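Since the structure comes first, as structure tokens, the remarks are kept for the end.
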Amino acid sequence: MSFHPIGIFDSGVGGTSIWKEIHLLLPHEKTIYLADSINAPYGEKPVEVIKQLSFKNTDKLLSLGCKLIVVACNTATTNAIQDLRAFYNVPFIGIEPAIKPAALRSRSKTIGILATKGTLSSALFSKTSELYTHNMEVIEVEGNGLVELIESGRKDSVETEELLRRLLKPMLIKKIDCLVLGCSHYPYLIPTLKKILPQEVQIIDSGEAVARQTKAILEKNKLLNSSLDFPAPEFFSNKNPEVLAAIINSEAKNYQVSYLDF
Ligand code: DGL
């Protein structure tokens, strides 16, 4: 049993889509969320920089007493999680594009993957993709520009819809039946995606699976909090904390977000 918090980080506000699932599944766990928004987007940065930023975020969460780290960013997971696991002795949970579930669900054997350049070009992503999609057509599209729009509070704007329509065009031409959201920011685009995609296209993201894995690893390491309290989550951002506050409070909640220099 451990009262220590679960630490969660992302390049910005997107990882709150994972935080929500963790908070829902593990309400007695304290969570600390770190948005490295000043460095967003990670997706077009060199691998070495993504690694440095992931180490910096981990150091901050560990200095706040975290017992387990959730890398709520596909780009950081696919480029840095092996190094993080090798260096620190706390458990790490990562998030990767849900290729396997999409491959299993697709009937047309044609799926789309929307992710950052950093994720799509990573060795970990290629390995997983090769394993599950050898008999399928996979249309990979870099979501360039989407993270910036979400980070600036414009996720529901006309600009975002226009960009998405452009990005999804090659997938629509090929008639995908599953769209994998390979970036933790993209679940916030689901209302707009639903306007663009035919009804039969399934949208798949990894949030719930990450929450289940977090619970399983806490259990395995005997790190679950046995108290029946409902500890308040803490949110920190190093740029525009109001954007993070608007995202997490969209369902009439009143969570506080603090500015933190890290
Ligand atoms: N949320 C990050 C991911 O899942 C966004 C990447 C970025 O900052 O470009 O990949």
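Quick notes
- Pair list, Cβ < 6 Å and 6+ apart or interchain, from the stretch 50-64 residues that are open to solvent by 50 Å² or more (accessible area, probe 1.4 Å) to residues that are not in a helix (DSSP H, G or I): Lys60/Phe262; Leu64/Ile32
One line per residue, one yes/no per condition, for (1) out of contact with any helix residue (DSSP H, G or I) (no Cβ under 9 Å at 6 or more places or on another chain); (2) among the acidic types (Asp, Glu); (3) at pLDDT 95 or above:
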residue: Arg105; (1), (2), (3): yes, no, yes
residue: Ile113; (1), (2), (3): no, no, yes
residue: Gly143; (1), (2), (3): no, no, yes
residue: Glu159; (1), (2), (3): no, yes, yes
residue: Arg166; (1), (2), (3): yes, no, yes
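- Considering residues of the stretch 34-48 that are more than 11 Å from the ligand (Cβ to nearest atom) and farther than 18 Å from Ala115 by Cα only, the residue surrounded by the fewest Cβ atoms within 10 Å (Cβ to Cβ): Glu48
- Within the stretch 129-182, tally of residues that are more than 16 Å from the ligand (Cβ to nearest atom) and at negative phi: 28
- Taking the criterion of being among the aliphatic types (A, V, I, L, M) and either within 21 Å of Pro187 (Cβ to Cβ) or in contact with an Asp or Glu (Cβ under 6 Å, 6 or more places away or on another chain) (or both), the residues of the stretch 54-100 that qualify are Ile69, Val70, Val71, Ala72, Ala76, Ile81, Ile93, Ile95, Ala98, Ile99.
- Cβ separations smaller than 7 Å between residues 6+ apart or across chains give the following pairs from the stretch 121-146 residues that are of a type in the set (Gly, Ala, Ser) to residues that are at pLDDT 95 or above and outside any helix (DSSP H, G or I): Ser129/Val138; Gly143/Leu114; Gly143/Ala115; Gly143/Thr116; Gly143/Cys183.
- Condition check for Glu21: under 30 Å from Asn135 (Cβ atoms), within 14 Å of the chain's Cα centre (by Cα) and open to solvent by 50 Å² or more (accessible area, probe 1.4 Å): no
- Looking across the stretch 135-146 at every residue that is closer than 16 Å to Gly43 by Cβ and of a type outside the set (Asp, Glu), the one that is surrounded by the most Cβ atoms within 10 Å (Cβ to Cβ) is identified as Gly143.
- Top-ranked residue of the stretch 147-169 - restricted to ones that are touching a residue at least 24 places away in the same chain (Cβ under 8 Å), of a type in the set (A, V, I, L, M) and within 17 Å of Gly14 (Cα to Cα), ranked as surrounded by the fewest Cβ atoms within 10 Å (Cβ to Cβ): Leu164
- Taking the stretch 128-156 as the range and being in a helix (DSSP H, G or I) and farther than 18 Å from Thr192 by Cβ as the test, the residues that pass are Thr128, Ser129, Glu130, Leu131, Tyr132.
- When the helices (runs of 4 or more DSSP H) confined to the stretch 65-127 are screened for residues that are open to solvent by less than 20 Å² (accessible area, probe 1.4 Å) and under 24 Å from Thr31 (Cβ atoms), those reaching at least 3 such residues are found at 74-87.
The values are calculated or read from the model by the stated rules, or taken from the named source; none is laboratory data. Predicted model only: the values in this text are computed from it and were never measured. We place every Cβ from the backbone using ideal geometry, glycine too, and count neighbours over all the protein chains shown. Quick note on the areas: whole protein, heavy atoms, side chains included, nothing else; ligands and nucleic acids left out. Shrake-Rupley method; radii C 1.70, N 1.55, O 1.52, S 1.80 Å.
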